[in-house]
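Comments concern the structure below.
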Amino acid sequence: MVLQQSPDNSTIAGVSLDVTGAYRTFDGNVKAVEDVSFSVPPGQFLSLLGPSGCGKSTLLRLIAGLDHLTAGSIQVAGRPSADLPKRSGIAFVFQDAHLLPWRNVLRNVELPLELLGIGRPQRRELARQAIEEVGLSDAITRYPLQLSGGMRMRVSLARALVTRPRLLLLDEPFAALDEMTRHRLDEQLLGLWQNSGMTVVFVTHSILEAAFLSQRAIVFSRRPARVIADIPINLGRDRAAELRTDPRLLHVMQEIQHALRAGGGEEGDEHA
Amino acid sequence: MRCGREAARKGMNMPSPGSRAIQAAWPPIMMFLLLAISAEMIIRAMKVPAFLLPAPSAVLRTMWVDSGELLANLATTAWAAVVGFGAAVVLGILFAILLSTSRFVQRALYPYMVFFQTVPVVAIAPLLVIWIEPGLKSVTICALVVAIFPMIANTLTGLLSADPALRDMFTLYGAGWWASLIKLRLPSAMPNIVTGMRIAAGLAVIGTIVGEFVAGELQGNAGLGVELLVAQKVGRTDLVFAAILVASLLGLSLFGLVNLTGHLLLRRWHASERG
Ligand SMILES: Nc1ncnc2c1ncn2[C@@H]1O[C@H](COP(=O)(O)OP(=O)(O)OP(=O)(O)O)[C@@H](O)[C@H]1O
Ligand SMILES: [Mg+2]
């Protein structure tokens, strides 16, 4: 299921995601997620925004099945994410690259396939392909310590894409990078999404990033996270760098900004 | 900032590990020579009797004259220390893995491990003589007993400190206990394991000498510790010093070997090995 191979990835369909009345309360009565519901159709690029500490990362972990709901349900492709089979085609990108420092680029990207039990020749081939997609073919034998922050993040992206996921979850993936690098990586991610049919859920603090990348933005309130706005972004699927200065984009950004204000989440706490 | 890092990286490649080692060894060797020469002059000037404090030159002469005996004893001591050290490394890592599997086992055993670490070996050695006959076996076990605790403690810390995000990733791709151990937790623990090995190397030599004092056989080339005791009984202070010197050289070489191994294992990925 993970490895439906084809020369171009366009044949790999994304999956639907349904969050229904989701609650997550941690020990000590810390409510992180409260009555969150939304549905994502297959192939959609969705951004999640909200004040720092409101529960976005918690929600993403719940979607990935890495944490358990207190109440409600989360379904990926119509099945509860908590008991999804391990090879369910979900990939996760963290805020920092989190590479294995003792493995070179190729072996880092190979890792997911290795854990899924794919044979060496095939996983080498797929890893090379994924590395090429993020434009790092020259650095294939380098170690993480020998890479810049942007390159490391691209390796991390390649590692997530190597299994051809049908649902890609990203938790502020480029937040630690400088603006230029972030813009380049945003464009790269956009291209990768356009060329595949995968569903993307993207957590970010950057209103510009959310508006530029996604087809829809959901804004959460302060902790516990509750949906306070669900904003469609009708800027088409084919986007390019020029869109960043498009007045229509500015308009969308204003809308997101208003929603964040209403929820009590100013940009002030962006760099927690 | 990236340019700076690039430059630093290039600079780092310049001195080879060998020349770096020589650079590091140079000052302490100078210091040693300086101290030895001063001691020589003072001892000669004050006419200190040799049975109290032999001059460095006399110790050097003894090392040469009695080199056959010293080397034979060194071989015995080195064997016990290396085997004890090796066993401590292997068993220490295995025990730490066992501890890392269960929070309960950890909580139950850890206080006792700390307690055991405070029991001096000299106090354990007589027991070993009671349980096992005196000789190489009990001496080796002595070395093992002292060297194993830093191995366990350091390895356990390393195993438990694997990156939580990576653990999530391993879960996401359905990695089992064994795959996580081999591909994530043990490699993550490698810097700690090397640290543990550094401490264990020195302790293994100390444990061996102490073991030989208490549980060594008193015949044949039973080790530097035994030779040291015998030399002291017959008033050969020069030979005592020679044995001490040889024993510390053994400790130093073992430490050096561990450092080299650690460097080779970690040089590509761990900041501590990149200058
Ligand atoms: N394992 C846990 N145990 C207890 N509390 C937790 C746990 N994980 C998260 N929390 C709490 O849940 C709340 C939400 O955390 P979360 O990391 O989901 O926020 P976030 O929206 O991702 O924040 P940020 O934007 O800063 O990344 C926080 O108050 C946090 O302290
Ligand atoms: Mg977060």
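The values are calculated or read from the model by the stated rules, or taken from the named source; none is laboratory data. All values reported here derive from a predicted model rather than from experimental measurement. Cβ atoms come from the backbone with ideal geometry, glycine included; neighbour counts cover every protein chain shown. The accessibility values were calculated without ligands, DNA or RNA, using every heavy atom of the protein model including side chains. Shrake-Rupley method; radii C 1.70, N 1.55, O 1.52, S 1.80 Å.
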Condition first: among the charged types (D, E, K, R) and away from ligand 1 (no atom under 11 Å from the Cβ). Now tell me which residues in segment A:44-84 satisfy that. A:R79, A:D83
State the number of residues belonging to segment A:85-120 that are more than 16 Å from ligand 1 (Cβ to nearest atom) and on the phi > 0 side of the Ramachandran plot. 2
Which one of A:P232, A:P224, A:P247 is touching a residue at least 12 places away in the same chain (Cβ under 8 Å) and either away from ligand 1 (no atom under 16 Å from the Cβ) or farther than 21 Å from A:A22 by Cβ (or both)? A:P232
Residue tally, condition open to solvent by less than 10 Å² (accessible area, probe 1.4 Å) and either more than 18 Å from the chain's Cα centre (by Cα) or within 16 Å of ligand 2 (Cβ to nearest atom) (or both), over segment A:66-94: 1
Those residues of segment B:158-172 which are within 9 Å of chain A (Cβ to nearest Cβ) and polar (S, T, N, Q) amount to B:T171
Taking segment A:199-231, which residues are of a type in the set (S, T, N, Q), within 19 Å of A:T58 (Cβ to Cβ) and within 14 Å of the chain's Cα centre (by Cα)? A:T204
Failed criterion for A:V219 (all others in (1) more than 14 Å from chain B (Cβ to nearest Cβ); (2) open to solvent by 10 Å² or more (accessible area, probe 1.4 Å); (3) of a type outside the set (D, E, K, R); (4) within 16 Å of ligand 1 (Cβ to nearest atom) hold): (2)
Need a quick list: helices (runs of 4 or more DSSP H) entirely within segment B:162-259 having at least 2 residues that are open to solvent by less than 50 Å² (accessible area, probe 1.4 Å) and within 24 Å of B:L53 (Cα to Cα). B:186-215, B:224-233
Could you grab me the full set of residues in segment A:39-65 that are away from ligand 2 (no atom under 11 Å from the Cβ), open to solvent by 10 Å² or more (accessible area, probe 1.4 Å) and either under 15 Å from A:S16 (Cβ atoms) or more than 15 Å from the chain's Cα centre (by Cα) (or both)? A:S39, A:P41, A:P42, A:G43, A:Q44
Does B:T140 meet the test of being in a helix (DSSP H, G or I), away from chain A (no Cβ under 14 Å), crowded, with 23+ Cβ neighbours inside 10 Å and modelled with pLDDT of 90 or more? yes
Provide a single number: the residues in segment B:13-44 that are surrounded by 12 or more Cβ atoms within 10 Å (Cβ to Cβ), over 24 Å from the mean Cα position of the chain (by Cα) and either within 30 Å of A:L145 (Cα to Cα) or modelled with pLDDT under 90 (or both). 1
What number of residues within segment B:109-147 are over 19 Å from B:G220 (Cβ atoms) and without any contact (Cβ under 8 Å) to a residue 60 or more places away in the chain? 17
Residues of segment A:182-203 being away from ligand 1 (no atom under 16 Å from the Cβ) and open to solvent by less than 10 Å² (accessible area, probe 1.4 Å), which ones? A:L185, A:D186, A:L189, A:L190, A:W193, A:M198, A:T199, A:V200
Does A:G65 count as touching a Ser or Thr at 6+ places or on another chain (Cβ under 6 Å) and within 13 Å of chain B (Cβ to nearest Cβ)? yes
Return yes when B:G223 is at negative phi and more than 14 Å from every other protein chain (Cβ to nearest Cβ) and no when it is not. no
Please verify whether segment A:149-166 includes one or more residues that are within 13 Å of chain B (Cβ to nearest Cβ), of a type outside the set (S, T, N, Q), open to solvent by 10 Å² or more (accessible area, probe 1.4 Å) and more than 17 Å from the chain's Cα centre (by Cα). yes
For residues that are surrounded by fewer than 17 Cβ atoms within 10 Å (Cβ to Cβ) and within 13 Å of chain B (Cβ to nearest Cβ), scanning just segment A:117-141, find the one that is farthest from the chain's Cα centre (by Cα). A:T141
So which residues in segment A:98-116 are open to solvent by 10 Å² or more (accessible area, probe 1.4 Å) and under 19 Å from the mean Cα position of the chain (by Cα)? A:H98, A:L99
Would you mind telling me which numbered condition in (1) within 14 Å of another protein chain (Cβ to nearest Cβ); (2) within 16 Å of ligand 2 (Cβ to nearest atom); (3) touching a strand residue (DSSP E or B) at 6+ places or on another chain (Cβ under 8 Å) A:A210 fails? (1)
